[in-house]
Amino acid sequence: MTKSDSGKDSTRQIAIAQQPEADALLARSPLAALVGMLLDQQVPMEWAFTGPYTLAERMGSDDLDAAEIAAYDPEAFTALFTTKPALHRYPGSMAQRVQQLCQYLVAEYEGDASAVWRDAGTGEELLRRLNELPGFGTQKAQIFLALLGKQFGVRPTGWRAAAGAYGEDGSRRSVADITGPESLAEVRAYKQEAKAAAKAAKAAKATDAATKAKPPSAKTAKAAKASHGK
């Protein structure tokens, strides 16, 4: 690992949220970065990664504390998310997920988010740890692993391979590649193209299945019967 394996660096510049205060929090707070990654689904990327800053503000703090969130009254915590403007498209369910994440961090890592990656010896080990976090599937874990490697200096042996395509140098696939407005636009364009391609592939598959399942017309059946009788 590099010397900055905790992911903490007061001089680091992050530009994912596209909002100075929110990006500054992401740069200095491992928990904020984890929460931002958790929120990054079904909403614009910059909205998701502004969430930790807004949440900290509503909690009356300049940072997030896993132990405080874990012990927070669930209804009151949900209210922090649902208060307009809401922190997410699905504020209720995401509030629950954030609290579950923090409860897990308290139970497994004494509330220290950076401990998830601090002593991970290999990229595969780090991927496994991230994948064990509540709300982190394989794709989200790989994207966050790539973000740690590319922008937070957390680079255990084999981290790029463990991150899959998201770890490729110079790619524009995810938040791991966002360093400003231009790269944000490029990542968003890639996501839109990938979504359109997946939608087209799904439609083609459905059409193919429907064609195969469709019974032959009377004319086709009659022709086939006549041919069989020869």
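The values are calculated or read from the model by the stated rules, or taken from the named source; none is laboratory data. Everything numeric here is computed off the predicted structure, so don't read it as measured data. Heads up, the Cβs are rebuilt from the backbone with ideal geometry, glycines too, and the neighbour counts pull from every protein chain shown. Just so you know, the surface numbers come from the protein's heavy atoms only, side chains and all, with ligands and any DNA or RNA stripped out. Shrake-Rupley method; radii C 1.70, N 1.55, O 1.52, S 1.80 Å.
Rounded, prolate or oblate: which one fits the range 8-109, using the alpha carbon gyration tensor with axes a ≥ b ≥ c (rounded when a/c is under 1.5, else prolate when a/b beats b/c, else oblate)? Oblate is the answer for the range 8-109, as a/c is 1.5 or above yet b/c matches or exceeds a/b. I'd like the orientation of helix 181-213 relative to the chain: the angle between its Cα long axis and the longest Cα principal axis, in ° from 0 to 90, rounded to 10. So the inclination is approximately 30 degrees. Once you order the gyration tensor axes a ≥ b ≥ c over the Cα atoms, which shape class does the range 155-195 get: rounded for a/c under 1.5, otherwise prolate or oblate by comparing a/b with b/c? Oblate shape, in that a/c is at least 1.5 and b/c is the bigger or equal ratio. Computing the accessible area with a 1.4 Å probe over protein heavy atoms, can you report the carbon and sulfur percentage for the chain? Taking all protein chains in place, the chain shows 53 percent carbon and sulfur surface.
For residue 199, the aspartates and glutamates whose Cα comes closer than 16 Å to its Cα, not counting residues fewer than 8 places off in the same chain, are 208.
Each part reduced to its alpha carbon centroid, the range 17-90 and the range 153-207 end up 23 Å apart. From the square roots a ≥ b ≥ c of the eigenvalues of the alpha-carbon gyration tensor of the range 34-186, which class results: rounded (a/c under 1.5), prolate (a/b over b/c), or oblate? The shape class here is oblate.
Accessible surface calculations at 1.4 Å, restricted to protein heavy atoms, place the chain at 53 Å² per residue. With only the Cα atoms considered, the range 133-178 has a convex hull volume of 72 Å³ per residue. Ordering 32, 61, 207 by Cα displacement along the dipole of the chain toward the positive end leaves 207 in first place; charges were set at the Cβ atoms of Lys, Arg (+1) and Asp, Glu (-1).
Treat every Asp and Glu Cβ in the chain as -1 and every Lys and Arg Cβ as +1, leave all other atoms uncharged, and give the resulting dipole magnitude about the Cα centre to the nearest 20 debye.
Here the size comes out at about 2320 debye.
Take the Cα of residue 194, step 7 Å toward its Cβ, do the same at residue 93, and the gap between the two points is 2.0 nm.
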